[in-house]
Amino acid sequence: MTGARILDGKATAATVRAEVRERAQGLAGRGRAPGLTVILVGDDPASHVYVRNKDKAAHEAGFTVRTLRLPATASQRDVEALVEAQNGDPAVHGILVQLPLPKGLDAERVIARIDPSKDVDGLTAHNVAALTLGRPGMRPCTPLGCIELLDRHGLALEGREVVVLGRSMLVGKPLAALALERNATVTIAHSRTRDLGAVCARADILVAAVGSPRLVQGAWVKPGAVVLDVGINRLPDGTLAGDVDFEPARERAAWITPVPGGVGPMTIAMLLANTLRSAERAATPSAAVL
Ligand code: NAP
């Protein structure tokens with residue numbers, strides 16, 4: 001069979017999760033099991049699925065998990081108070097507020113309430129600044145998962161042309177910063193970029209984080225490139241598609257992630273890894289660097 005090798009996020013995530021579980025057992029044996037709180041506001045069906053998956057993965061890793069639900073009618077104050085209560089609980093090492101929040105709630109203000117040392121999504125201003133400044137801090141899970149996937153397949157970033165499609169605070173911008181930290185030459189493309197195909201064709205490592213099914217055409221992929229497809233798009237027939245037109249891209253790439261089974265599972269694995277590290281720091285106060 002010709003074409004790219006598959007960057008199997010599901011298998012790699014399973015390896016990471018097994019490592020996390022082992023270290024979590026060590027902490028639990030000392031009465032310090034990692035604690036994760038997931039806050040879910042409202043009835044968004046996709047959010048419910050994501051939260052269920054995170055809850056299950058954290059349980060399997062041996063964490064103490066709390067999933068706290070508020071109705072869509074909850075006030076800004078209700079949500080912020082819930083976050084603050086978790087900040088003050090020493091058994092909680094990670095707090096995740098599932099986004100998007102229902103209309104009328106200000107997600108930025110809610111996130112600002114999270115103690116940066118428990119901000120396992122890496123979205124507080126403190127942690128965004130830490131990434132930009134190259135200081136230790138919590139890194140966002142999806143970009144971290146992309147880097148981990150490359151690392152565990154021996155795919156180096158240093159000196160490579162990395163093109164990141166998308167500039168969100170959740171994926172595109174932090175991913176670009178992480179790639180830069182690894183000495184890649186980074187281009188960020190977005191909806192105003194001219195000749196997207198020509199920009200993508202420069203990439204040794206092409207990351208698509210757009211939310212537009214099959215936007216990236218096979219012809220945009222440089223022969224031998226590594227393609228990471230972050231996009232998760234639900235098609236009218238109910239199936240999932242990434243942001244990359246998989247089959248034609250696979251013909252040209254050296255490595256490519258599938259959707260599903262690529263970056264998605266790595267995101268959850270990194271959520272566990274971030275929570276574990278937070279718990280380890282809490283158990284060893286002298287190691288706390290945040
Ligand atoms: P987002 O906040 O909507 O950002 C999308 C980015 O794509 C924006 O920067 C936008 O540009 C750019 N864009 C939109 N249309 C474009 C086009 N035609 N050409 C070039 N750029 C375009 O989305 P996000 O939160 O980053 O998520 C992106 C995708 O990743 C979604 O499918 C999401 O479901 C998925 N996702 C997956 C995971 C995972 O675990 N696998 C995690 C998070 C997100 P402008 O800034 O100019 O508007």
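Summary of values
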| item | result |
| --- | --- |
| Residue tally, condition of a type in the set (D, E, K, R) and without any contact (Cβ under 8 Å) to a residue 12 or more places away in the chain, over the range 88-134 | 2 |
| Neighbours by Cβ (under 6 Å, 6+ apart or cross-chain): first from the range 235-255, farther than 11 Å from Trp220 by Cα; second assigned to a loop (DSSP other than H, G, I, E, B) and of a type in the set (S, T, N, Q) | Asp243/Ser212 |
| Residue that is nearest to the ligand (Cβ to nearest atom) [pool: residues in the range 177-201 that are under 21 Å from the mean Cα position of the chain (by Cα), β-branched (Val, Ile, Thr) and open to solvent by 40 Å² or more (accessible area, probe 1.4 Å)] | Ile188 |
| Checking Leu290 against (1) away from the ligand (no atom under 14 Å from the Cβ); (2) modelled with pLDDT of 95 or more; (3) in contact with a Gly (Cβ under 8 Å, 6 or more places away or on another chain), the condition it does not meet | (2) |
| Extreme residue, nearest to Val244 (Cα to Cα), among residues of the range 139-176 that are of a type in the set (Gly, Ala, Ser) and within 14 Å of the ligand (Cβ to nearest atom) | Gly166 |
| Any hit, the range 247-261, residues being surrounded by 23 or more Cβ atoms within 10 Å (Cβ to Cβ), in the same structural domain as Met169 (by TED's automatic domain parsing) and of a type in the set (S, T, N, Q) | yes |
| Residues being part of a loop (DSSP other than H, G, I, E, B) and either open to solvent by less than 70 Å² (accessible area, probe 1.4 Å) or under 28 Å from Asp89 (Cβ atoms) (or both) - total across the range 1-48 | 12 |
| Some residue of the range 153-173 being open to solvent by 10 Å² or more (accessible area, probe 1.4 Å), at pLDDT 95 or above and touching a Pro at 6+ places or on another chain (Cβ under 7 Å) | yes |
| Extreme residue, nearest to the ligand (Cβ to nearest atom), among residues of the range 202-219 that are within 21 Å of Glu158 (Cβ to Cβ) and open to solvent by less than 50 Å² (accessible area, probe 1.4 Å) | Val207 |
| Sole residue being over 14 Å from the mean Cα position of the chain (by Cα) and either open to solvent by less than 30 Å² (accessible area, probe 1.4 Å) or within 10 Å of the ligand (Cβ to nearest atom) (or both), chosen from Asn274, Asn233 | Asn233 |
| Inter-residue pairs, beta-carbon under 7 Å, first on the phi < 0 side of the Ramachandran plot and in the range 7-32, second surrounded by 15 or more Cβ atoms within 10 Å (Cβ to Cβ) and among the aromatic types (Phe, Trp, Tyr), 6+ apart | Leu7/Trp255; Ala24/Phe63 |
| Candidate set: the range 135-152, residues that are within 23 Å of Val110 (Cα to Cα), in contact (Cβ under 8 Å) with a residue 40 or more places away in the chain and crowded, with 21+ Cβ neighbours inside 10 Å; chosen: the one farthest from the chain's Cα centre (by Cα) | Met138 |
| Subset of the range 66-106 (residues that are open to solvent by less than 20 Å² (accessible area, probe 1.4 Å) and either aromatic (Phe, Trp, Tyr) or in a helix (DSSP H, G or I) (or both)) | Val79, Glu80, Val83, Gln86 |
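The values are calculated or read from the model by the stated rules, or taken from the named source; none is laboratory data. Please read these numbers as outputs of a predicted model, since none were measured by experiment. All Cβ positions, glycine included, derive from the backbone under ideal geometry; neighbour counts span all protein chains shown. When the accessible area is computed, the model is the full protein with side chains, heavy atoms only, and any ligands, DNA or RNA have been set aside. Shrake-Rupley method; radii C 1.70, N 1.55, O 1.52, S 1.80 Å.
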